[in-house]
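Read the figures in this text as sums done on the coordinates, not as results from a lab. Please read all numbers here as calculations on a predicted model, not as lab measurements. Cβ placement follows ideal geometry from the backbone for every residue including glycine, while neighbour counts extend to all protein chains displayed.
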Amino acid sequence: MCGIVDYIGDKQAQPILLSSLSRLEYRGYDSCGIAVSSSPPRRIEAYKDAVRVEALAKMVPQLGGTAGIGHTRWATCGEPSQVNAHPHCDCAGNIAVVHNGVINNFQRLRQQLTSEGHNFVSETDTEVIPHLIEKYYDGNLEKAVEAALRDVEGSYAIVVLMAGEPKLVAAKKDSPLIIGIGDRENFIASDVPAILDYTNRVIYLEEGDIGVVTKDNIKIKRDGTEVSRKEHKILWSIEEAQKGGYEHFMLKEIHEQPKVIRDTLGEYTSSAEPVVDLARIRDEGIESMLILACGTSYYAALVGKYIVEELLRIPVRVEIASEFSYYGQTLARTGAIVITQSGETADTLKAVKRLKEVGCRVVAITNVVGSSASRIADQTIYTRAGPEISVAATKSFTAQLMVLYWLAMGYSKADARRLATMLLGLRQLPSKVQQVLDNEAIILEHAKYLSKYENVFFIGRGINFPVALEGALKLKEISYIHAEGYAAGELKHGPFALLGENTPVIAIVAQDNTYEVMLTNIKEVKARKSPLIALAEEGDEAIGELADFVITVPRVDALFSPVVNTVALQLLAYYTAKERGCPIDFPRNLAKSVTVE
Ligand code: F6R
């Protein structure tokens, strides 16, 4: 999704903007641009195009100016092109604006402004903003921005730069925006990695905030009154946000998973306080649980259903957040959890707001401190995955599962012996995941084989059914191979028609109560001549005779098998995409943080 980074200070803005924009590339974008307020002469110099940041850096001449704004665009309104890229300017070219979000009433505003003599050059919704500011400007930029935003309906994180004004004006509604605090310099950005090179002191703007930022002052107002906002210290290091010798962020993030498991568990096992006050939930008469999420986080939620139902013995419903508005929800006596790596996914945030409207107590599981989800929810549990830069979620999924295991174990109705065994299993998980990673060279060979096909099925049963869904999602999003995840028993109810020697099937074979029937399903697939790759536990003798290829994973408690299996499938997807020459960290048309519905 679109990214914003802005600078005001003593240094030259141009190099800072360009290097910070490259830190935002992971969000996914199709165009980018910068504008610098030069002095003298006092004017806005803007350069933008439908190119990568590297190409933009080559086409921009040296600009003299210590205040500037930058943007990476992910097209929503108007195709990726030079004119549609941000920043957008007013008629006189004195006011430049970068914007994340969507202005819903822009057509009407555009018609009105055109009839008043304003001239539009792009197809974007954003362009109405600089024109509105121009219309209302009478010497006070801040007031003009406030007036402009009163006309606007929709979501926005905007930053405004005006020639000759030694300040940046920022405003936020339903789209994240942070202010980074420096020494005689300040930053504004859509997310933390953009500014981590310069500062780890951050203020999160809240809904309706307008920030006026100079090089040595930050003033935040809401409804015309000055407000104070807490400063947060970001614990992520810049090294964590860099590739650290790996070819891709995705590979680095896959390899970080043993540490992520240790960090996330360490966070909660060392705490004397319960992770979440489920006792209170019980006091409130909660009889069932609802988990909401999107994409990979949704698949973590589906695994969570199995974990919570087994350990807590209460019914769990898992819903796709974007669908949550469309059915009659029965939410009486329901405790709600939302899972979101970024904490900014628009569909998930909308669902949280809806839950709160109907009086549900909401617990958010998120990776980003201070994110919107953490601010709206009643309670937040942080995963300790560190910054996840690659668009494809990997380590955040594992960290989410760790929180779910810990939550469910903390309140489990299982007997003490079972819990003690599980705790031991949990502590061994980092080394089990390391074993999967050590098996990388073999997985690479299977990936080479898989990369020649255009359609693949992933099948699983029980707690590994969501793993099949996640395996298919990972493969399709980064290798562009059409992949579908299926409950193994469902193949015969339709997809069998597609099986044959050109459609490999990847079967996740767990040593639990699904094992025997899974072998039967595999025989059915083989009878239809599909090549079969099995993901099976070490020591499984029978599988070698049925499958064409076997990827071996270490033996773990069945409840933890989604962790080792998913890591193996992440590697399989990664190496398949690599073999096909795909842009792994930035897959086409995708964005890391999906801030539109
Ligand atoms: C897939 C992926 C997406 C995200 C989804 C939700 O690899 O990354 O499917 O999982 O967009 O994002 P969050 O968890 O940030 O709400």
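Remark: region 108-183 is approximated by an ellipsoid whose semi-axes, taken from the C-alpha gyration tensor as √(5λ), come to 23, 16, 11 Å, largest first. Relative contact order of region 2-240, taken over Cα pairs closer than 8 Å and 6 or more residues apart, is 19 percent. Taking the average, over residues, of other Cβ atoms within 10 Å as the packing measure, peptides 539-552, 215-228 rank 539-552, 215-228 from highest down. How far is the Cα center of region 463-505 from the Cα center of region 31-108, in Å? Region 463-505 and region 31-108 have Cα centres spaced 42 Å from each other. How high is the relative contact order of the chain? Use alpha-carbon pairs under 8 Å, at least six apart in sequence, and give a whole percent. Dividing the mean separation by the residue count of the chain yields 12 percent. Debye calculation, C-alpha points only, no solvent: report log10 I(q)/I(0) for region 2-240 at q = 0.13, 0.14, 0.17 Å⁻¹, in the same order as the q values. Each listed q corresponds, in turn, to -0.69, -0.81, -1.26.
What number comes out for the charge environment of Thr76, summing +1 per Lys or Arg and -1 per Asp or Glu over other residues with Cβ under 11 Å away? Write down the numbers at each step before the final one.
Values: positive: Arg73; negative: Asp30, Glu79, Glu123, Asp125, Glu597.
Spelling it out: positives minus negatives among the neighbours equals -4.
In straight-distance terms, cross-link reach from Lys143 covers every one of the lysines whose alpha-carbon lies under 21 Å from its own, apart from those fewer than eight places away in the same chain; here that gives Lys135, Lys167, Lys172, Lys173, Lys215, Lys219, Lys221. Averaging 1/r over each pair of different alpha-carbon atoms in region 248-413 and inverting the result gives 15.8 Å, the Kirkwood hydrodynamic radius.
Label zone (Val358, point 7 Å along Cα-to-C-beta; backbone nitrogen cut-off 14 Å) within region 296-320: 317-320. Label positions at Lys448 and Lys529, each projected 7 Å from the Cα along the C-beta direction, are separated by 2.6 nm. Each of Val596, Val358, Val556 was scored by other Cβ atoms within 10 Å of its Cβ. Arranged with the fewest first, they read Val358, Val596, Val556.
Given a Förster radius of 51 Å and the C-beta distance between Asp10 and Arg108 as r, what FRET efficiency does 1/(1 + (r/R0)^6) yield to the nearest 0.05?
Efficiency computed from Cβ-Cβ geometry: 0.75.
Model label points for Asp138 and Asn119, set 7 angstrom from Cα along the Cα-to-Cβ axis, are 2.7 nm apart.
Shape analysis of the chain based on the Cα gyration tensor places the equivalent ellipsoid semi-axes at 45, 27, 22 Å, largest first. Taken over region 370-500, the convex hull of the Cα atoms encloses 179 Å³ per residue. Taking every DSSP bridge with both residues inside region 430-587, close to 5 percent are antiparallel. Summary of packing: across the peptides 83-95, 105-117, 567-579, the per-residue average of other C-beta atoms within 10 Å ranks them, highest first, as 567-579, 83-95, 105-117. For region 430-587, the spread of Cα coordinates along the three principal axes comes to 40, 39, 24 Å, biggest extent given first.
P(r) tail, region 327-391: Cα-Cα pairs separated by more than 17 Å, 37% of all pairs. If R0 equals 56 Å, the separation of the Cβ atoms of Leu498 and Lys259 corresponds to a calculated FRET efficiency of about 0.90.
Stretched out straight at 0.36 nm per residue, the stretch from Ala414 to Leu331 would grow longer than its current Cα-Cα span by 27.2 nm.
By DSSP, what percent of the beta bridges with both residues in the chain are antiparallel, rounded to the nearest 5?
Here the share of antiparallel DSSP bridges comes out near 60 percent.
Working from Cα pairs under 8 Å separated by at least six residues, relative contact order for region 430-587 is 32 percent. Across region 184-208, the residues whose backbone nitrogen lies under 14 Å from the label position 7 Å along the beta-carbon direction of Lys233 are 200-202.
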